[in-house]
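Scroll down for the structure; my scribbles are underneath it.
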Amino acid sequence: LARQQPGGPVQLQALLAFTDTPKPEAAEAVGKLHAQGLQTVLISGDNRAAAEALARRVGLKPEQGEVQAEVLPADKANAIRELQQGSSGEPRVVAMVGDGINDAPALAAADVGMAMANPQGGTDVALHAADVTLMRGDVRLVAGAIAISRATVRKIRQNLFWAFAYNVIGIPLAAFGMLSPMLADAAMALSSVSVVSNALLLRRWKP
């Protein structure tokens, strides 16, 4: 803001600056994702200076390509596809986190779309386009969702291993008459109980 005295020079009265403020938990959320071995990229429609300043506040490194600024809403999906191709040409799995209508095409284009509930509304389209809905607007839930997904996959692999092992051992024994029908039934029941019990251990899982 400036004011000019009659017949005098223009005098600066005030300087206004506007910037986005990250959520208090944003830096912690980015740190947790990095601890999981994940690369994070900020895709923003803001000008580059504002986007890079915000990125540095939450722990991102613009100089390493972790910021894409001045991206129009219609181009966010293309940015996701470029990330999926990777710089070396090898396909990469890309997850997109968003909470706005403009994020819906990118959420649909990503391998995993995560929509965050926004109490201010305007997220119905994003929620329908996403694969995962985080019920609170806490970005730390992203790392938690990925952690529970990995734990679930580990349990699935463990259960497949034990079920396969039971059959590899039990079927030949039964075929050669070395396993009575009663013991075979008991072994099958034990297999089901062990798989279900192992899966229920996820209830004790904590991020």
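The values are calculated or read from the model by the stated rules, or taken from the named source; none is laboratory data. These numbers come from a predicted model, not from an experiment. FYI the Cβ positions are ideal-geometry reconstructions off the backbone, even for glycines, and counts take in every protein chain you see. Side chains are part of the model used for accessible areas, which takes the heavy atoms of the whole protein and leaves out ligands, DNA and RNA. Shrake-Rupley method; radii C 1.70, N 1.55, O 1.52, S 1.80 Å.
Details
- Within the range 106-165, tally of residues that are in contact (Cβ under 8 Å) with a residue 60 or more places away in the chain and among the β-branched types (Val, Ile, Thr): 3
- Every pair of residues 6+ apart whose Cβ atoms lie under 6 Å, when the first sits in the range 179-190 and is within 11 Å of Tyr166 (Cβ to Cβ) while the second is surrounded by 13 or more Cβ atoms within 10 Å (Cβ to Cβ): Ala184/Ala174; Ala187/Gly170
- Total residues in the range 155-195, condition hydrophobic (A, V, I, L, M, F, W, C), open to solvent by 80 Å² or more (accessible area, probe 1.4 Å) and under 32 Å from the mean Cα position of the chain (by Cα): 5
- Test: residue in the range 196-207 that is open to solvent by 50 Å² or more (accessible area, probe 1.4 Å), touching a residue at least 60 places away in the same chain (Cβ under 8 Å) and assigned to a loop (DSSP other than H, G, I, E, B): yes
- Condition check for Gly45: exposed (fewer than 10 other Cβ atoms within 10 Å of the Cβ) and either modelled with pLDDT under 90 or aromatic (Phe, Trp, Tyr) (or both): no
- In the range 7-42, the residue that is surrounded by the fewest Cβ atoms within 10 Å (Cβ to Cβ) out of those that are under 25 Å from Gln84 (Cα atoms) and β-branched (Val, Ile, Thr) is Val41.
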